Amino acid sequence: MQLSVAGQQISVEAGATFADAFKQALSNKQYKNLVVARCGESLLDLTTAIPADCAAVEPVFADSPEGLVVIRHSTAHVMAEAVKKLFPTAKVTIGPSVDNGFYYDFDYERPFTPEDLEAIEAEMLRIVGADKAFARQELTSAEARAHFDADGEKYKVELIDDLGVEQVSTYTQGGFTDLCRGPHVPRTGLLKAFKLTTVAGAYWRGDEKNPQLQRIYGTAWATPKDLKVYLERLEEAKKRDHRKLGTQLDLFSFHEDVGGGMVLWHPKGALTRAILEDFERKEHLKRGYQFVQGPLILRRELWEKSGHYDNYRENMYFTEIDEQAYGIKPMNCLSHMLIFKSRLRSYRDLPQRYFEHGVVHRHEKSGVLHGLLRVRSFTQDDAHILCRPDQLREEIIGVVKFVRDVMDIFGFNFEAEISTRPEKSIGSDEDWDRATDALKDALEHMDMPYAINAGDGAFYGPKIDIKIKDALDRSWQCATVQCDFTLPERFELSYIGEDGNKHRPVMLHRVILGSIERFMGVLIEHFAGAFPVWLAPTQARILTVTDAQNGHAEKVLRFLQEKGIRAEADVRNEKLGYKVREAQLDRIPYMLIVGDKEVEADGVNVRVRGGADVGFVSLSGVAQIILDAAHEPFKRGGMSYSFS
RNA sequence: GCCCAUGUAGCUCAGUCGGUAGAGCACUUCCUUGGUAAGGAAGAGGUCAACGGUUCAAUUCCGUUCAUGGGCUCCA
């Protein structure tokens with residue numbers, strides 16, 4: 001038969017496998033790097049006989065995204081084999097590939113220890129060294145069920161029962177057989193680069209009511225070199241960890257006596273957030289938002305009316321005084337609605353865009369707290385837009401544009417997701433459909449691709465979530481736009497229309513940065529602590545060579561401060577090298593060195609954060625350099641900003 | 001909330017097989033006045049996370065709580 005293999009027409013005998021075909025079409029080197037075959041949409045084992053309906057086949061190499069998925073999945077099987085060999089009473093469950101690696105969940109009588117992981121990894125290396133074949137078997141569900149039942153693999157039996165199909169496939173390598181759709185690499189010898197990383201608890205089928213299993217995570221790559229690069233990237237991420245940098249740069253801390261998830265902002269961290277917030281306020285004013293502010297606690301009845309008491313109570317803090325119950329706000333919308341409601345509104349007044357840096361408290365489960373990225377007390381850059389239905393689309397577009405403008409300043413890329421109606425929710429199907437359509441419509445108008453997150457909306461309406469991608473290509477949920485037809489209903493918000501009758505406004509909840517705390521955490525990691533000049537809490541530090549220059553340092557400091565530059569002077573009795581090192585570790589953008597020469601010439605010697613030596617610069621010259629650098633990120637959008 | 005691990009000086013960590021603790025950096029003082037990533041010396045600094053239990057004796061063993069870390073589930 002004739003078929004196209006990697007773009008070449010070749011002929012193969014009937015019954016030939018994909019491996020036979022590739023052997024003809026590929027160089028020896030390419031062939032060795034081959035993992036599976038792709039025929040149309042499906043990936044197939046190389047050992048599979050070429051089906052009659054397959055006219056064109058493409059190779060999938062080890063280092064391709066699809067190839068890596070196969071390698072990781074096969075490595076998971078090898079790990080399961082190793083675990084069964086070392087711990088025969090462990091029950092296997094599932095073991096998929098994930099980003100950068102794989103995991104396999106086991107039911108075992110005790111937790112696995114780091115020493116167990118070493119032993120398992122050593123056993124895996126033996127299995128890989130033996131270069132065993134992965135063999136696929138097709139069998140009926142009944143046969144497979146009998147096989148796993150005989151082995152006491154109750155989880156596999158449950159999986160087969162739930163699949164509810166006639167035929168299943170299994171894969172065997174060495175003495176280990178696993179229920180699996182495949183495909184797999186042809187031989188274990190192709191798995192050249194893996195490492196077990198961690199062991200963790202996980203629920204069977206992700207449900208916390210189910211038994212807790214032992215999950216072993218590993219990473220696997222096409223080559224040892226790729227593995228090494230990945231492990232180095234992990235090290236890099238560790239160095240950028242905002243919790244570590246937060247201590248090193250003296251930005252913030254947590255205190256056991258304060259409670260979990262409560263941040264204490266130190267002067268440098270508080271200044272940086274103040275700059276962020278100031279920047280945001282100015283951008284909101286430019287876009288027609290109005291500042292408002294509500295209290296931290298509101299009477300419980302109000303939360304009952306909004307539906308938060310029924311739907312969100314377990315996440316709220318409550319307090320009581322004079323027999324009056326109050327809820328500490330987990331969201332800012334109620335005050336904003338009451339402000340809207342405080343007087344009669346005309347259709348001419350809409351949209352009303354209320355903005356507040358609102359401090360909210362949410363009692364997140366103790367196990368989910370994570371540095372600044374998940375806290376219990378945080379500040380949202382929150383706004384509620386109350387508008388007419390016909391203004392909805394334009395308002396959503398305005399918000400998405402706002403997000404784009406702001407994220408450009410930081411150099412973040414982003415992607416959008418639309419989340420639809422969850423099970424626990426309020427409002428009519430019609431309202432939900434209308435709101436969801438408006439969100440889709442706005443993203444389509446903006447030519448922004450989006451994914452759908454079915455059932456992931458807030459209880460009061462669907463939403464667009466915007467995830468930003470940082471310097472290490474990790475994504476973070478920050479901005480969100482939530483459409484809400486239900487709260488205006490519950491609070492009987494209205495405006496007088498052109499027709500003189502009352503009409504119901506639509507409310508948009510939206511945040512741009514999300515939470516200031518989380519965004520700060522993301523920024524710290526994105527910039528590895530080296531904030532851009534406009535955000536850096538200290539923009540310049542004056543370093544004296546000896547105390548003979550203290551007077552000049554004082555003069556330079558005052559000069560820069562008068563220009564609105566955040567500067568400080570290091571006049572300690574230390575050597576210059578020592579001061580430079582500290583300034584570098586503190587990620588100060590500009591080090592201004594003053595020795596006798598600079599006093600003489602009335603200027604400074606500039607060293608920038610990256611280590612480059614600018615040389616001698618006059619006082620007005622250095623102020624200009626710093627102010628220009630602070631302005632740089634805003635140039636692209638024709639924007640400007642300065643904190644003073 | 002669940003599973004596992006961890007909690008010793010401001011930071012990073014040693015240590016005590018049960019007899020109340022140590023280093024480096026940081027801090028203070030002194031010497032040193034040194035030109036681009038750590039000059040030298042001395043000093044001070046700890047209820048060994050908190051609370052209970054076992055013990056003649058607990059920082060060490062056990063329990064509980066709190067906090068932190070890695071996951072699960074959930075979220076800005």
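The values are calculated or read from the model by the stated rules, or taken from the named source; none is laboratory data. All figures in this text were calculated on a predicted structure; none of them were measured in a lab. Cβ placement follows ideal geometry from the backbone for every residue including glycine, while neighbour counts extend to all protein chains displayed. Only protein heavy atoms, including side chains, enter the accessible area calculation; ligands, DNA and RNA are left aside. Shrake-Rupley method; radii C 1.70, N 1.55, O 1.52, S 1.80 Å.
Data for the structure
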read-out: Failed item in (1) part of a helix (DSSP H, G or I); (2) in contact with a Phe, Trp or Tyr (Cβ under 7 Å, 6 or more places away or on another chain); (3) within 14 Å of RNA strand B (Cβ to nearest atom); (4) of a type in the set (Lys, Arg), with A:Arg215 passing the rest; value: (1)
read-out: Test: A:Gly246 is closer than 20 Å to A:Arg376 by Cα, open to solvent by less than 20 Å² (accessible area, probe 1.4 Å) and more than 8 Å from RNA strand B (Cβ to nearest atom); value: yes
read-out: Residue within region A:473-485 that is more than 19 Å from the chain's Cα centre (by Cα), of a type in the set (A, V, I, L, M, F, W, C) and either open to solvent by 20 Å² or more (accessible area, probe 1.4 Å) or more than 11 Å from RNA strand B (Cβ to nearest atom) (or both) present; value: yes
read-out: Pair list, Cβ under 7 Å, 6 or more apart: region A:409-425 residue over 16 Å from A:Gln477 (Cβ atoms), other residue more than 13 Å from RNA strand B (Cβ to nearest atom); value: A:Ile409/A:Pro633; A:Ile409/A:Phe634; A:Thr420/A:Thr436; A:Thr420/A:Ile452; A:Arg421/A:Trp432
read-out: Residue in region A:561-568 that is assigned to a helix (DSSP H, G or I) and more than 8 Å from RNA strand B (Cβ to nearest atom) present; value: yes
read-out: Top-ranked residue in region A:556-604 [being at positive phi and charged (D, E, K, R); ranked as surrounded by the fewest Cβ atoms within 10 Å (Cβ to Cβ)]; value: A:Asp602
read-out: Matching option when the condition is over 25 Å from A:Leu296 (Cα atoms) and in contact with a Lys or Arg (Cβ under 8 Å, 6 or more places away or on another chain), among A:Gly371, A:Gly327, A:Gly398; value: A:Gly398
read-out: Unmet criterion (only one of (1) at pLDDT below 85; (2) among the aliphatic types (A, V, I, L, M); (3) within 19 Å of A:Pro96 (Cα to Cα)) for A:Ala21; value: (3)
read-out: Helices (runs of 4 or more DSSP H) contained in region A:570-640 and holding at least 3 residues of a type in the set (Val, Ile, Thr) and within 11 Å of RNA strand B (Cβ to nearest atom); value: none
read-out: Complete set of residues in region A:318-361 that are open to solvent by 60 Å² or more (accessible area, probe 1.4 Å) and of a type in the set (A, V, I, L, M, F, W, C); value: A:Phe318, A:Ile321, A:Leu338, A:Leu344
read-out: Search result, residues across region A:524-559 that are under 38 Å from the mean Cα position of the chain (by Cα) and not in a loop (DSSP other than H, G, I, E, B); value: A:Ile524, A:Glu525, A:His526, A:Ala540, A:Arg541, A:Ile542
read-out: Region A:188-202 - residue that is out of contact with any Gly (no Cβ under 7 Å at 6 or more places or on another chain) and within 12 Å of A:Tyr104 (Cα to Cα) and, of those, surrounded by the fewest Cβ atoms within 10 Å (Cβ to Cβ); value: A:Gly201
read-out: Top-ranked residue of region A:504-528 - restricted to ones that are crowded, with 17+ Cβ neighbours inside 10 Å and more than 16 Å from RNA strand B (Cβ to nearest atom), ranked as nearest to A:Arg434 (Cα to Cα); value: A:Val506
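Residue-by-condition table, conditions (1) at positive phi; (2) in the same structural domain as A:Gly174 (by TED's automatic domain parsing):
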| site | (1), (2) |
| --- | --- |
| A:Ala6 | yes, no |
| A:Glu13 | no, no |
| A:Ala21 | no, no |
| A:Thr47 | no, no |
| A:Ile50 | no, no |
| A:Val70 | no, yes |
| A:Pro96 | no, yes |
